[in-house]
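Could you have a look at this structure, given as structure tokens, before my questions?
The values are calculated or read from the model by the stated rules, or taken from the named source; none is laboratory data. Note that the coordinates shown come from a computational prediction; the quantities given were computed from them, not determined experimentally. Every residue, glycine among them, receives a Cβ derived from its backbone with ideal geometry; neighbour counts consider all protein chains shown. Accessible surface is based on the protein model in full, side chains and every heavy atom, while ligands, DNA and RNA are left aside. Shrake-Rupley method; radii C 1.70, N 1.55, O 1.52, S 1.80 Å.
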Amino acid sequence: MTASKTTSRATLITIIITLLLVALLGWRFYSLGNYTLARATQDFLNALTLGSLYALIALGYTMVYGIIRLINFAHGDIFMLGSYLAFYAMALTPMHWAAALLVTILLGGTVLLVIRALFNLEEPKKTITLALLLFAGTFFLLAFRHMGWIEALLLSMLATGVAGVLLEAVAYRPLRGAPRESMLITAIAASFFLENLGQLLFGPRVRGFNAETILNKPLSFSIGHDTVYFTGILVMVPLITALLLFVLNTFVSRTKLGKAMRATAQDAEVAQMMGVNVNQVIALTFFIGSILAAAAGVMYSIRFGQIHPLMGLMPGIKAFTAAVIGGIGSLPGAVLGGLLLGMIEIYAVSLFPTLSAYRDVFAFVLLILIMLFRPSGLVGEDLTEKV
Amino acid sequence: MRKSFLIAVLLVLGSLAMAQVKIGVNLELSGRFAAIGNQTLNGIKVAHMQMPKVLGQDVQLVICDDETTREGSIACAQRFVNEGVVGVLGAISSSMSIPAAEVLQDAGIIMISTSSTNPQTTQIGKFIFRMAYTDDYQGKLAAAYAVKDLGAKKIAIFRQIDDDYSYGLAGFFNETAKKMGAKTLIQDFVANNVDFTAQLNNIRSFNPDVIYYSGFCAEGAPFMKQLREQGFKQQVLGADASDDPQCPEGAGAAFDGWTFTGFATPNLIPDPAAKKRADAFKKKYFEAIKNAKPGDFNGFVLAGADSYNVLVAAIKAAGSTDINKVRDALANLENYPGVSGNITYKGTDGTPKDRTIGFYKYVVKSASDWKKIELFGKSTAEVQ
């Protein structure tokens with residue numbers, strides 16, 4: 001994650017992609033009739049939303065890969081878990097005080113233990129403050145009122161982050177020294193496990209995710225005689241993605257834990273010799289990755305309005321593709337890859353209306369092309385394989 | 001020597017007393033069609049409760065979940081071949097029924113698809129039957145409704161290209177609509193692809209009067225939500241796959257006004273005697289299935305129940321559980337008084353004669369507050 005080199009390359013590639021897009025659009029205007037400026041704007045907005053959603057999920061993939069070179073196939077299912085937790089947070093509140101107390105103790109306790117371990121909270125004073133804040137906050141959210149989507153999102157992010165840490169501790173940590181193939185197979189197994197657990201716990205049925213939010217309200221503006229339609233979430237998702245990218249980048253490049261993360265990414269063994277607690281850093285990575293997955297899950301559910309236990313499968317594959325296109329391991333790369341994938345999917349349908357079912361084909365052809373010509377992705381570093 | 005002889009006799013006697021007729025049930029109990037799969041299963045279970053014995057032997061249901069995948073459906077079919085069932089009920093959808101039918105036809109086991117509507121399903125062989133009508137009827141009726149009753153001149157059609165049912169049905173609809181003078185524009189999508197914004201932008205300049213959607217709810221609910229968000233106010237028509245609570249529950253108020261064709265419920269069955277049986281069955285259903293919501297009783301339940309009923313009737317008529325005899329009895333079944341109307345297989349390819357297709361409309365206030373209004377029923381006998 002060398003910042004300056006990656007950034008300049010990202011800028012260059014963004015410019016190239018923009019030029020290509022403009023050329024394609026020009027051709028679209030020229031070759032097919034009925035394409036107005038309003039429809040072009042509409043296509044662009046649609047692509048931006050879809051792309052930002054992919055980018056948000058891809059960030060989690062790329063973080064984990066950057067640290068332990070593991071393609072975390074369970075990421076899509078962590079995404080599903082995040083959506084369900086937010087769904088239940090909204091559906092089951094306000095709770096009876098006894099139930100709320102029980103959930104608070106269980107959830108708050110686990111979160112507290114995990115956070116303490118992750119961030120080295122040794123001082124009793126800080127721990128007590130955090131514990132009070134956590135317990136009081138959770139209890140307040142659960143017991144007194146119907147939870148809105150923002151509180152549900154925050155609570156789900158915390159809980160899903162903890163679930164990610166537990167997943168790492170149970171499924172990946174015991175295999176730390178093992179060959180990478182074993183880790184990969186474990187990741188696939190973890191994915192199947194979570195999917196089936198989801199069917200068992202939440203039921204196999206599709207559920208409506210109806211967050212009453214202004215984000216879902218249809219909005220529109222006019223260009224000439226035509227109208228362009230969008231919803232609040234269309235503005236929110238790219239903003240949240242940009243914000244998270246900025247926060248993450250700052251965290252990785254400016255803080256002490258971030259430095260430890262980069263060190264672990266370069267060489268875990270040497271980092272350990274230098275006094276970096278590698279286990280802690282890796283757990284932290286999973287914590288952040290899962291938080292991102294939960295955020296993406298809730299945004300995705302608000303956008304499409306429904307959740308089911310296998311919902312993580314398709315977005316997971318797409319986001320993985322996005323991360324690989326952008327250069328897996330690179331944060332700006334993941335966002336770039338996600339946006340590019342969104343653009344391809346929308347414009348494939350727009351440019352070839354009769355081939356609308358084959359939009360995924362376009363996306364995966366792009367993946368193959370990029371793998372052929374730039375195996376490390378658009379902005380990825382040229383990785384020399386470490387053994 | 002004598003002791004072992006005794007044991008052998010006891011074993012034979014025991015197996016006679018334990019003799020059971022096994023019927024396989026291959027349904028989509030998890031995955032994309034989980035809701036309608038479980039409704040069908042409930043229908044079969046209630047029918048089983050009413051008629052638990054045939055020829056003096058207990059009927060045992062062997063239930064297999066195909067997880068709404070073709071591979072799962074084939075695995076279920078192979079399992080039934082090994083278990084030695086007389087017949088198999090299910091699957092629901094054409095995409096899962098066709099691969100299972102190929103396995104079961106080869107093995108010579110009876111299969112009654114509860115609600116596959118693709119015409120190909122029963123043409124696979126003489127052991128394959130169905131309970132529903134076929135999509136040529138459904139497509140024609142829906143197109144006639146769109147063009148004649150709604151006065152549509154331009155119709156946009158959304159079809160799921162990787163599903164046998166959706167693809168075939170959209171084709172029949174398109175054919176009839178064009179024949180009646182309407183212009184059509186087809187847009188495709190695939191399973192689990194829930195972003196429709198690009199396709200919707202494509203139909204914007206076509207400006208359709210009516211939109212026809214021939215897919216399932218897993219994509220249908222997000223489709224409807226995005227359609228309304230993108231400023232389309234047109235009437236949307238769906239098909240029997242949208243007779244699924246996942247549709248209004250997934251899309252909420254956006255689903256309001258969705259009109260669709262489906263397997264007829266009691267009120268739409270024209271034959272008064274059949275309606276009486278259906279109503280009695282409905283009552284039994286709500287007694288037996290404790291946590292059933294009013295919206296859970298639909299055509300899929302009736303189709304499931306009648307698939308069980310006709311198979312048991314055929315075993316009775318054949319007087320044995322010999323599969324070939326049962327198949328012949330089933331193929332010669334005439335005017336069996338089922339809960340979904342009279343069922344006749346004699347002289348058909350395994351599709352019952354004269355089924356009723358109902359027209360319904362969703363009235364949706366919110367995801368939890370919705371109902372289905374029964375508009376009218378049309379018999380397939382009226383369609384040429």
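Counting only residues 5 or more places away or on other chains, whose amide H sits under 5 Å from the amide H of B:Ile112 once H atoms are built in the peptide plane?
Distant-sequence amide H within range of B:Ile112: B:Val88, B:Leu89, B:Gly90, B:Phe129.
Using the beta-carbon distance between B:Ala253 and A:Met273 and R0 = 41 Å, what value does 1/(1 + (r/R0)^6) give for FRET efficiency, to the nearest 0.05?
0.10
Note down the nm distance, to one decimal, between modelled labels 7 Å out along Cα→Cβ at A:Val170 and at B:Val383.
Roughly 5.0 nm, to one decimal.
How crowded by other chains is B:28-34, given as the mean number of beta carbons from other chains within 10 Å of each beta carbon?
Across B:28-34, the average partner-chain Cβ count within 10 Å equals 5.
Quick one: putting +1 on the C-beta of Lys and Arg, -1 on the C-beta of Asp and Glu, what dipole do you get for segment B:92-227 around its Cα centre, in Debye to the nearest 20?
Around 620 debye, computed over segment B:92-227.
Among A:His146, A:Ala131, A:Leu166, whose Cα sits farthest toward the positive end of the charge dipole of segment A:120-196 (+1 at Cβ of Lys/Arg, -1 at Cβ of Asp/Glu, about the Cα centre)?
Towards the positive end, the residue furthest out is A:Ala131.
Something else: Please report the antiparallel percentage of the DSSP beta bridges confined to the protein assembly as shown, to the nearest 5.
Numbers: 27 of 62 bridges.
Antiparallel: roughly 45 percent of the beta bridges in the protein assembly as shown.
If you don't mind, another one. Classify chain A: rounded, prolate or oblate, from the alpha-carbon gyration tensor (a ≥ b ≥ c, eigenvalue square roots; a/c under 1.5 rounded; otherwise prolate if a/b is larger than b/c)?
oblate
Let me ask another. Exceeding 25 Å between C-alpha atoms, which entries from my cross-link table qualify? They are B:Lys275/B:Lys361; A:Lys259/A:Lys318; B:Lys53/B:Lys325; B:Lys290/B:Lys353; B:Lys178/B:Lys372; A:Lys126/A:Lys259.
A:Lys259/A:Lys318; B:Lys290/B:Lys353; B:Lys178/B:Lys372
Now, a different point. I want to check the label-to-label distance for B:Asp271 and A:Lys125. Put each point 7 Å from Cα in the C-beta direction and report it in nm to one decimal.
Once both label points are built, they end up 8.5 nm from each other.
Rounded if a/c is under 1.5, else prolate if a/b beats b/c, else oblate: with a ≥ b ≥ c from the C-alpha gyration tensor eigenvalues square-rooted, which is segment B:181-332? Walk me through the intermediate numbers first.
On the way: a/c = 2.61, a/b = 2.04, b/c = 1.28.
The shape class here is prolate.
What FRET efficiency do you get for B:Asp279 and B:Asn192 if R0 is 41 Å and r is their Cβ-Cβ distance, rounded to the nearest 0.05? Present the calculation step by step, with values, prior to reporting the outcome.
On the way: r = 38 Å, r/R0 = 0.94.
For R0 = 41 Å, the calculated efficiency reads 0.60.
In terms of modelled amide H atoms, which long-range or inter-chain residues lie less than 5 Å from the amide H of B:Lys154?
When sequence neighbours closer than 5 places are left aside, the close amide H contacts are B:Lys183, B:Asp209, B:Val210.
Between B:Gln123 and B:Ala317, what length comes free when the chain is fully extended (0.36 nm per residue of separation minus the Cα-Cα distance, one decimal in nm)?
Difference between extended and current length: 67.4 nm.
While we're here: Assign unit charges at the C-beta atoms only (+1 for Lys and Arg, -1 for Asp and Glu), then state the dipole size of chain B relative to its Cα centre in Debye, rounded to the nearest 20. Before the final figure, lay out the partial values.
Values: 41 positive and 39 negative charges, 181 e Å.
With Lys and Arg at +1 and Asp and Glu at -1, about 860 debye.
Just tell me how shielded A:220-232 is by partners: mean number of partner chain Cβ atoms within 10 Å of each residue's Cβ, no decimals.
Mean partner-chain Cβ count within 10 Å for A:220-232: 2.
Between chains B and A, what is the buried accessible area summed over both chains (1.4 Å probe, protein heavy atoms, nearest 100 Å²)?
Answer for the B-A pair: about 3100 Å² buried.
Relative to the present Cα-Cα distance, how much length would full extension add between A:Thr354 and A:Leu369 at 0.36 nm per residue of separation? Numbers along the way, then the final one.
Values: separation 15, 0.36 × 15 = 5.40 nm, distance 2.32 nm.
Result for the pair: 3.1 nm of gain on full extension.
What is chain B by shape, rounded, prolate or oblate, if you read a ≥ b ≥ c off the alpha carbon gyration tensor as root eigenvalues and call it rounded for a/c under 1.5, prolate for a/b larger than b/c, and oblate otherwise?
Prolate is the answer for chain B, as a/c is 1.5 or above and a/b outweighs b/c.
Have a look at the DSSP beta bridges in segment B:48-156 and tell me what percent are antiparallel, nearest 5.
Working: 2 of 8 bridges.
Roughly 25 percent of the beta bridges in segment B:48-156 run antiparallel, per DSSP.
Next question, about the same structure. Let me check against my output: what whole-number percent is the relative contact order of segment B:256-384, with C-alpha pairs under 8 Å and at least 6 apart?
Relative contact order, segment B:256-384: 32 percent.
What order do you get for B:47-59, A:102-114 when each peptide is scored by the mean count of other beta carbon atoms within 10 Å, highest first?
Going by the mean number of other Cβ atoms within 10 Å, highest first, we get A:102-114, B:47-59.
Once you have the Cα-Cα distance between A:Leu201 and A:Ile185, take 0.36 nm times their residue separation minus that, and quote the gain in nm to one decimal.
3.4 nm
Moving on. If you look at just the Cα atoms of segment A:68-139, how large are its Rg and its Dmax in Å?
15.2, 45
Which one, B:Ser93, B:Ala144, B:Gly338, projects farthest toward the positive side of the charge dipole computed for chain B from Cβ point charges (K/R +1, D/E -1)?
B:Gly338
Given a Förster radius of 51 Å and the C-beta distance between B:Leu150 and A:Leu113 as r, what FRET efficiency does 1/(1 + (r/R0)^6) yield to the nearest 0.05?
Computed FRET efficiency for B:Leu150 and A:Leu113 comes out at 0.25.
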